[in-house]
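*Asks:* Here's a structure for you.
Please treat every number below as a calculation from the coordinates, not as lab data. Bear in mind that the values here come from a model prediction, so they are computed numbers and not experimental data. A quick note on method: Cβ atoms are made from the backbone with ideal geometry, for glycine too, and the neighbour counts reach across all protein chains shown.
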Protein chains: 2
Amino acid sequence: MDIEFLGTGAGMPSKQRNTSALVLDLTDENKENWLFDCGEATQHQLLHSAIKPKKITKIFITHLHGDHIFGLPGFLSSRAFLGGDDSVDLYGPAGLKEWLQHTYKVTGTYLPYKLNVHEVHEGLILETDEFKVYAKEVQHVIQSFGFRIEQKELPGTLLIDKAIEQGVPKGPMLQRLKDGFDVELENGQTVYSQDVTTDKKKGFVIAIIGDTSYCQASVELAQDADILIHEATFTNEYAAGAKEFGHSTIVEAATVAKEANAKNLIANHISARFMPGEMPAFLAEGTDVFEAISIADDFARFQWKHGQLIKLQKN
Amino acid sequence: MDIEFLGTGAGMPSKQRNTSALVLDLTDENKENWLFDCGEATQHQLLHSAIKPKKITKIFITHLHGDHIFGLPGFLSSRAFLGGDDSVDLYGPAGLKEWLQHTYKVTGTYLPYKLNVHEVHEGLILETDEFKVYAKEVQHVIQSFGFRIEQKELPGTLLIDKAIEQGVPKGPMLQRLKDGFDVELENGQTVYSQDVTTDKKKGFVIAIIGDTSYCQASVELAQDADILIHEATFTNEYAAGAKEFGHSTIVEAATVAKEANAKNLIANHISARFMPGEMPAFLAEGTDVFEAISIADDFARFQWKHGQLIKLQKN
Ligand SMILES: [Zn+2]
Ligand SMILES: [Zn+2]
């Protein structure tokens, strides 16, 4: 699983940071890409990324502020011209569907693929073969959701020598055993999957939280998560303003990570008032509370591999 | 008067061309900037231009296709944060006002300046001290307007030696004469403005036409214009498709300029299928019909000065 940040700014685009959008690249898990939020010019950012719009089949919207949705009508429309004909499932707060319908009516837009808009509620909002996605309301000036994506348990590794020792022939039976099924050999003997595989592997857990003040719901969403993506609009100096406008400081994001016992924190939604040169001091405020923090820049790409979060080099 | 093109592509953004937007920089005429169309990421383009969002006080929308309006909600909203507190007059087809209201309601957006939305109809839609703006329906797959901007006559030059010869003292009387008023001297003698000024100067005329097939209405809008800005989505090879989707070829744009007796044609709304290297051949198709054509690129800036259209160097 990779995470690519397409927009890491707050409120308005700047030359450094676009408005909110990030992609979970689940190519290795289920061949899909999932988009979280879609600020204006997300489709423009994708022109400078290796991510293909047609591969984005699920979109999650945290809340309906313009800097999180103004790129949605254009993205969905352009996707149709870029080979996207698979249906899209869109999860967002109440009101999103009606607005999109109005937008496409007034612009005379016809999407040639099916767009299923699901109104997000608290609890389990999606279950696939590989994942469960939960939503929970966090604390912002309008209704805002955080998401928790839990990868389901993965089958253990097949101990091939042990299977062959028990008389399993080369071929499809090995795959059945690897997938967790017991098999019966020609001689009538049963070989049990658990005897010839290692233990099942825990899947990863990632919490993606949009705009929010520090709140308990965020801690619950991020409980024991491998990766928490949390907004950090401001530094401590602006803590009062952060609270007033439903945002967080980097210290508050770090506090959520610590209280939730998360393994890694990636902070985004950084105010344009902080210049690139100020980012080391910005980061230091957070690492005083929680060590494993990265600040996401636009086009930053992270990889989750063998239980480790790796920041990939920008190309 | 300067013209700056912010988006010269068709339908979707590409790396080379953004979706439609251009600015008439009328700083010299009335200190205003007028924006024509506002495709997605127009506010992003402005980050790379010297044009200040707060100086944009009038916006004209040719038609409601997404590639001409999806940047409007974000632009208007960001303008408020960039020092824009003067009211904005927005001229566009029926349906625009309702869509913006819905958009701002669903996103919880409050604009701290007054936004006056005017529904465009055929005929004179705006008259200021310096300009008259006319609209006329052109031919597209949805209602689409072209605009004709006529600068009013400018006062002639004051022949200062001649005025002083007639006994006019230095001071405010000279300005009155220059502005076209007659004045009475202390000795009771009247000095007539027309005797001490050159003839009034004709203002410029510019026609800005959005998406359209070749049509007579475009020729009327561009009649004797100094500058015609006309879409040229395709070359002759795609003439049938152009007509089907309500667009023009470069030859059709050139034909409008020729039939209208326009002085200059600037072509925009170029399909992304044409690569930079193909533009000389693209242009040549047009210049076979009408000589004075420029193809606009994003950030191209043109100046109208002393009756001449000059392409400024990109910075
Ligand atoms: Zn927000
Ligand atoms: Zn159009």
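*Asks:* Can you compute the helix-only [θ] at 222 nm over chain A? Use -39500 (n - 2.57) per DSSP H run of at least 4 residues, normalise by all residues, nearest 500 deg cm²/dmol. Let's see the in-between values first.
*Replies:* Values: 12 runs with 83 residues, N = 315.
Rounded to the nearest 500, the figure is -6500 deg cm²/dmol.
*Asks:* Rg/Rh for segment B:1-149 to two decimals, with Rh computed the Kirkwood way over all alpha-carbon pairs. Could the numbers behind the result be given before it?
*Replies:* Numbers: Rg = 14.4 Å, Rh = 15.5 Å.
Rg/Rh: 0.93.
*Asks:* Separation between the B:Glu186 and A:Thr190 pseudo-spin-labels, each 7 Å from Cα along Cα→Cβ, expressed in nm?
*Replies:* About 12.4 nm separates the two model spin labels.
*Asks:* Same structure again: List, shortest first and in nm to one decimal, how far the label point of A:Phe299 (7 Å from Cα along Cα→Cβ) is from its counterparts in the other copies.
*Replies:* Listed shortest first, these distances are 1.5 nm.
*Asks:* Along the Cα→Cβ direction, 7 angstrom out, place labels at B:Leu82 and A:Ser49. What is the inter-label distance in nm?
*Replies:* About 2.3 nm separates the two model spin labels.
*Asks:* Pull up all non-local amide H partners of B:His118: gap of 5 or more, or a different chain, and H-to-H distance under 5 Å with H placed in the peptide plane.
*Replies:* For B:His118, whose amide H was placed from the backbone, the distant partners under 5 Å are B:Leu90, B:Tyr91, B:Gly92.
*Asks:* Can you put A:Val289, A:Val23 in order, fewest other beta carbons within 10 Å first? Can you show the working numbers first?
*Replies:* Working: A:Val289 18, A:Val23 23.
Ordered by Cβ neighbours within 10 Å, fewest first: A:Val289, A:Val23.
*Asks:* Just to be sure I understand the rule: take each whole DSSP H helix in chain B, project its Cα atoms onto its long axis, keep it if the span is 30 Å or more and its mean Kyte-Doolittle hydropathy is at least -1.0. Which ones pass?
*Replies:* Details: long enough: none.
Result, helices passing both filters: zero.
*Asks:* A 20 angstrom limit on the alpha carbon distance is what I want to check against. Which of B:Lys178/B:Lys201; B:Lys55/B:Lys178; A:Lys201/A:Lys305 exceed it? Please list the in-between numbers first.
*Replies:* Values: B:Lys178/B:Lys201 12 Å; B:Lys55/B:Lys178 29 Å; A:Lys201/A:Lys305 13 Å.
From the list (B:Lys178/B:Lys201; B:Lys55/B:Lys178; A:Lys201/A:Lys305), the Cα-Cα distance tops 20 Å for B:Lys55/B:Lys178.
*Asks:* Calculate the mean, over all residues of peptide A:70-76, of how many other protein chain Cβ atoms lie within 10 angstrom of the residue's Cβ.
*Replies:* On the way: counts 12, 4, 1, 6, 10, 2, 1.
Partner Cβ neighbours, averaged per residue: 5.
*Asks:* Just flag the trypsin sites (Lys or Arg not before Pro) in segment A:125-233 sitting in loop per DSSP whose Cβ has no more than 16 other Cβ atoms within 10 Å. Don't skip to the answer; put the middle values down first.
*Replies:* Numbers: sites: A:Lys132, A:Lys136, A:Arg148, A:Lys152, A:Lys162, A:Lys170, A:Arg176, A:Lys178, A:Lys200, A:Lys201, A:Lys202; in loops: A:Lys152, A:Lys170, A:Lys200, A:Lys202.
For trypsin sites (Lys or Arg not before Pro) across segment A:125-233 that sit outside H, G, I, E and B with at most 16 neighbouring Cβ atoms in 10 Å, the list reads A:Lys152, A:Lys170, A:Lys200, A:Lys202.
*Asks:* Still on this structure, I have one more. In segment A:1-105, what trypsin sites (Lys or Arg not before Pro) fall in a loop by DSSP, with at most 11 other Cβ atoms inside 10 Å?
*Replies:* Details: sites: A:Lys15, A:Arg17, A:Lys31, A:Lys54, A:Lys55, A:Lys58, A:Arg79, A:Lys97, A:Lys105; in loops: A:Lys15, A:Arg17, A:Lys31.
Of the trypsin sites (Lys or Arg not before Pro), the ones in loops of segment A:1-105 whose Cβ has at most 11 other Cβ atoms within 10 Å are A:Lys15, A:Lys31.
*Asks:* Now for a different question. How crowded by other chains is B:301-312, given as the mean number of beta carbons from other chains within 10 Å of each beta carbon? Show your work: numbers first, answer last.
*Replies:* Numbers: counts 0, 0, 0, 0, 0, 0, 0, 0, 0, 0, 0, 0.
Going residue by residue through B:301-312 and averaging, the value is 0.
*Asks:* Between B:Ile295 and residues 5 or more places away or on another chain, which pairs have amide H atoms under 5 Å apart, with H built 1.01 Å from N, and which residues are they?
*Replies:* Amide H neighbours of B:Ile295, under 5 Å, 5+ apart: B:Ala267.
*Asks:* Kindly state, to the nearest 0.05, the FRET efficiency for B:Lys105 paired with A:Lys97, given R0 = 25 Å and r defined as their beta-carbon distance. Each step should come with its number before you reach the end.
*Replies:* Working: r = 15 Å, r/R0 = 0.58.
Approximately 0.95, to the nearest 0.05.
*Asks:* With respect to the axis carrying A onto B, what is the closest chain A residue by Cβ position, and how many angstrom separate it from the axis?
*Replies:* A:Ala41, 2
*Asks:* Now, a different point. In nm, one decimal, shortest first: how far is the label point of B:Ala272 (7 Å from Cα along Cα to beta carbon) from the matching points in the other copies?
*Replies:* With the label placed 7 Å along Cα→Cβ, B:Ala272 yields 2.4 nm.
*Asks:* About its Cα centre, how strong a charge dipole does the protein assembly as shown have in debye, to the nearest 20, once Lys and Arg get +1 and Asp and Glu get -1 at the Cβ? Write down the numbers at each step before the final one.
*Replies:* Numbers: 60 positive and 88 negative charges, 103 e Å.
So the magnitude is around 500 debye.
*Asks:* Related question: If you build a Gaussian network model of chain A, linking Cα atoms that sit under 10 Å apart, which residue out of A:Ile61, A:Ile250, A:Ile160 swings the most?
*Replies:* Among A:Ile61, A:Ile250, A:Ile160, the largest GNM mean-square fluctuation belongs to A:Ile160.
*Asks:* Let a ≥ b ≥ c be the square roots of the eigenvalues of the Cα gyration tensor of the protein assembly as shown; is it rounded (a/c under 1.5), or, if not, prolate (a/b larger than b/c) or oblate?
*Replies:* In terms of gyration-tensor shape, prolate.
*Asks:* Need one value for A:105-118: mean number of C-beta atoms belonging to other chains within 10 Å of its residues' C-beta atoms.
*Replies:* On the way: counts 3, 14, 11, 8, 3, 0, 0, 0, 0, 0, 0, 0, 0, 0.
Counting other chains' Cβ atoms within 10 Å and averaging over A:105-118 gives 3.
*Asks:* For segment A:73-166, please report how many Lys pairs fall under 20 Å Cα to Cα, leaving out neighbours fewer than 8 apart on the same chain.
*Replies:* Going through segment A:73-166 pair by pair, I get 6.
*Asks:* Mind giving me the nanometre distance, one decimal, between the label points for B:Leu154 and A:Gln303, set 7 Å out from Cα along Cα→Cβ?
*Replies:* So the two model labels end up 6.2 nm from each other.
*Asks:* Follow-up. Using a Förster distance of 22 Å, how high is the FRET efficiency between B:Leu312 and B:Met275, based on the Cβ-Cβ distance and rounded to 0.05? Please list the in-between numbers first.
*Replies:* On the way: r = 24 Å, r/R0 = 1.11.
The value I calculate is 0.35.
*Asks:* I'd like the distance between the alpha-carbon centres of segment A:119-146 and segment A:153-192, rounded to an integer number of Å.
*Replies:* Using only Cα atoms to place each centre, the spacing works out to 39 Å.
*Asks:* Calculate the length of the line joining the C-alpha centroid of segment A:42-61 to that of segment A:214-260, in whole Å.
*Replies:* One Cα centre to the other: 26 Å.
*Asks:* Put +1 on the Cβ of every Lys and Arg and -1 on every Asp and Glu Cβ in chain A; which of A:Leu82, A:Ala232, A:Phe299 then has its Cα farthest towards the positive end of the dipole?
*Replies:* The Cα lying farthest towards the positive end belongs to A:Leu82.
*Asks:* Continuing with this model, one more query. If r is the Cβ-Cβ distance from B:Tyr113 to A:Glu119 and R0 is 45 Å, what FRET efficiency results, to the nearest 0.05?
*Replies:* Working: r = 33 Å, r/R0 = 0.74.
Result of the calculation: an efficiency of 0.85.
*Asks:* Sticking with this structure for a sec: Treating only the Cβ of Lys, Arg, Asp and Glu as charged (+1, +1, -1, -1), what charge dipole size does chain B show about its Cα centre? Round to the nearest 20 debye. Don't jump to the answer; show the numbers that get you there.
*Replies:* Numbers: 30 positive and 44 negative charges, 169 e Å.
Here chain B has a charge dipole of around 800 debye.
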